[in-house]
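Please read the structure below before turning to the comments.
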Amino acid sequence: MKRASYDYIICGGGASGLLLALQMEADVYFKNKRVLLVEQQQQRSNDRTWCFWEKKPGILEEIVFHQWDHAFFNSPNWESHFPMAPYRYKMIRGIDFYTYAYKKIEACAGIDLLTAQVRAITEEKNGAVVTTSKGHFEAPYVFSSINTPERYLEQKKYPVLQQHFLGWTITTPTLTFKADEIVFMDFDIPQKNTTQFMYILPFSPNKALVEYTLFSPQLLEKSAYEKALKEYLNQKEIRQYTIEESEFGCIPMTAYNFDQHNSTHLLHIGTAGGWTKASTGYTFQKTITKTQALVAFLKQQRPLNEFKVRDKYNFYDLLFLDVLSQHNGAGAQLFRTLFQNNTPETIFRFLDEQSSLWDELKIMRSFPKRIFVAALLKRLF
Ligand SMILES: Cc1cc2nc3c(=O)[nH]c(=O)nc-3n(C[C@H](O)[C@H](O)[C@H](O)COP(=O)(O)OP(=O)(O)OC[C@H]3O[C@@H](n4cnc5c(N)ncnc54)[C@H](O)[C@@H]3O)c2cc1C
């Protein structure tokens, strides 16, 4: 079996594969290294938008499509308009990111791009072998963002919820939206024993992305998402609108131990590596942070399974998901008490996994004690 050798092979050229390649491209340490990026899709479409919060201009500032300084949290019993400061809420369109990243990577002499399907990755003594539809390749360091949902769907130890959503970018003939304020979560919709809310990103007073999001175990029929969006728009007296674009998505929410599938020569990255924040589904900003840490780690030439992903935040996420999966209708109450009892800055710092112990105590105190203590005891014993 003839194999081409590389220093690093990245399987999957989506968000995490491209972010890792971009970090390598920008770092002189990798100047004389040979990198192979294998991606199955020939053409990229605008298949998703990424939103995240950030304090300063970040590494992708030049492709940020829109950003906001104010947000609104709404629930039947309580509401809050708040400034995002010191953060800004940002949105990057998938197509802009793919165009930007592939252009940079194509221009980089050390990175080869291969359009092929990865069929297997096998560990050997001195490296891993990647078998693709276009041949075999080997490297001492292989990264894979190819997700294998069966791994977490076919186990019982960790609950798995899905964050599933349908978003419509709509235009209206009248001035309808507050253009400088996102609706971060609007729980003032029928909960039907499920955590569900609306999310609005306005681009102008008459154009916005309106998204219906659920955190629950099962997906719905397509018509149910559409019905909920129509009812919400009607409830908001938005009756005349044109749907310009539509985005459906599903993100796994689980504290499953993805690390166990890593080995000396193979590291899973992105959603496949457990880089999706289990309690919120946010992945993009965390992937930027993780790929930065990974590039620094690679310079130490240590076994890849020593790159640890799990920490105390996995345990917090696990408890939250334990509670949310057992009391799926309690999401509105949990998020309301979170926002009622903590400043947005503390909440975003906690979700960014940069909180102090004091922040964490405050966050924990804001949740209903009984169900969280029961979940904690169940996990501990
Ligand atoms: C619609 C949508 C919207 C989202 N919005 C947000 C958001 O606003 N904020 C946020 O933080 N997160 C968001 N996420 C979650 C997360 O950021 C994305 O899913 C992100 O793309 C995950 O990156 P990844 O590299 O793990 O996977 P992907 O970006 O999906 O990349 C995996 C790549 O592997 C390729 N691949 C798969 N199998 C093979 C194979 N056998 N051979 C070769 N290539 C293969 C795929 O074609 C793909 O390009 C969203 C997710 C979706 C689906």
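The values are calculated or read from the model by the stated rules, or taken from the named source; none is laboratory data. On a predicted model such as this, the values are computed, not experimentally measured, just so you know. Counting neighbours? That spans all protein chains shown, and the Cβs are built from the backbone with ideal geometry, glycine included.
Just the residues that are assigned to a helix (DSSP H, G or I), within 10 Å of residue 145 (Cβ to Cβ) and out of contact with any Pro (no Cβ under 8 Å at 6 or more places or on another chain), please, taken from region 248-273. Matches in region 248-273: 270, 272, 273.
With respect to residue 273, determine if the residue is within 10 Å of the ligand (Cβ to nearest atom), crowded, with 22+ Cβ neighbours inside 10 Å and in the same structural domain as residue 23 (by TED's automatic domain parsing). It is true that residue 273 is within 10 Å of the ligand (Cβ to nearest atom), crowded, with 22+ Cβ neighbours inside 10 Å and in the same structural domain as residue 23 (by TED's automatic domain parsing). Annotation note: of 24, 1, the sole residue that is away from the ligand (no atom under 11 Å from the Cβ), among the hydrophobic types (A, V, I, L, M, F, W, C) and touching a helix residue (DSSP H, G or I) at 6+ places or on another chain (Cβ under 6 Å) is 24.
Within region 39-74, the only residue that satisfies the criterion of being within 12 Å of the ligand (Cβ to nearest atom), exposed (fewer than 15 other Cβ atoms within 10 Å of the Cβ) and not polar (S, T, N, Q) is 47. Of everything in region 81-109 that is hydroxyl-bearing (Ser, Thr, Tyr) and surrounded by 19 or more Cβ atoms within 10 Å (Cβ to Cβ), the residue that is nearest to residue 64 (Cα to Cα) is 89.
Scanning region 320-348 for residues that are buried (at least 20 other Cβ atoms within 10 Å of the Cβ) and either outside any helix (DSSP H, G or I) or of a type in the set (D, E, K, R) (or both) gives 322, 336. Comparison of 225, 232 shows that the only residue that is assigned to a helix (DSSP H, G or I) and either among the acidic types (Asp, Glu) or away from the ligand (no atom under 16 Å from the Cβ) (or both) is 232. On the given criteria, is residue 257 away from the ligand (no atom under 16 Å from the Cβ) and either within 19 Å of the chain's Cα centre (by Cα) or outside the structural domain of residue 188 (by TED's automatic domain parsing) (or both)? Spelling it out, residue 257 is indeed away from the ligand (no atom under 16 Å from the Cβ) and either within 19 Å of the chain's Cα centre (by Cα) or outside the structural domain of residue 188 (by TED's automatic domain parsing) (or both). Taking (1) β-branched (Val, Ile, Thr); (2) more than 15 Å from the ligand (Cβ to nearest atom); (3) surrounded by fewer than 22 Cβ atoms within 10 Å (Cβ to Cβ) in turn, residue 195 satisfies each apart from (3).
Only a single criterion out of (1) under 22 Å from the mean Cα position of the chain (by Cα); (2) part of a helix (DSSP H, G or I) is not satisfied by residue 355, namely (2). Can you pull out the residues in region 276-310 that are assigned to a loop (DSSP other than H, G, I, E, B) and crowded, with 18+ Cβ neighbours inside 10 Å? Across region 276-310, the qualifying residues are 276, 277, 278, 279, 281, 282, 283, 307, 309. Just checking, does region 175-185 include any residue being within 14 Å of the ligand (Cβ to nearest atom), touching a helix residue (DSSP H, G or I) at 6+ places or on another chain (Cβ under 9 Å) and under 17 Å from residue 260 (Cα atoms)? There is no residue in region 175-185 that is within 14 Å of the ligand (Cβ to nearest atom), touching a helix residue (DSSP H, G or I) at 6+ places or on another chain (Cβ under 9 Å) and under 17 Å from residue 260 (Cα atoms). Among the strands (runs of 3 or more DSSP E) confined to region 4-100, the ones with at least 2 residues that are within 26 Å of residue 145 (Cα to Cα) and in contact with a strand residue (DSSP E or B) (Cβ under 8 Å, 6 or more places away or on another chain) are located at 8-11, 35-39, 49-54, 64-68, 88-93. Residue 77 fulfils the conditions (1) within 16 Å of the ligand (Cβ to nearest atom); (2) closer than 30 Å to residue 280 by Cβ; (3) of a type outside the set (Phe, Trp, Tyr); (4) outside the structural domain of residue 185 (by TED's automatic domain parsing) except for a single criterion, (1).
Taken over region 127-152, residues that are under 20 Å from residue 259 (Cβ atoms) and either of a type in the set (A, V, I, L, M, F, W, C) or at pLDDT below 95 (or both) amount to 4. Of all residues in region 360-377, those that are assigned by TED's automatic domain parsing to the domain that holds residue 347 have Cβ atoms under 7 Å from Cβ atoms of residues that are surrounded by fewer than 16 Cβ atoms within 10 Å (Cβ to Cβ), 6 or more apart or on another chain, in 366/341.
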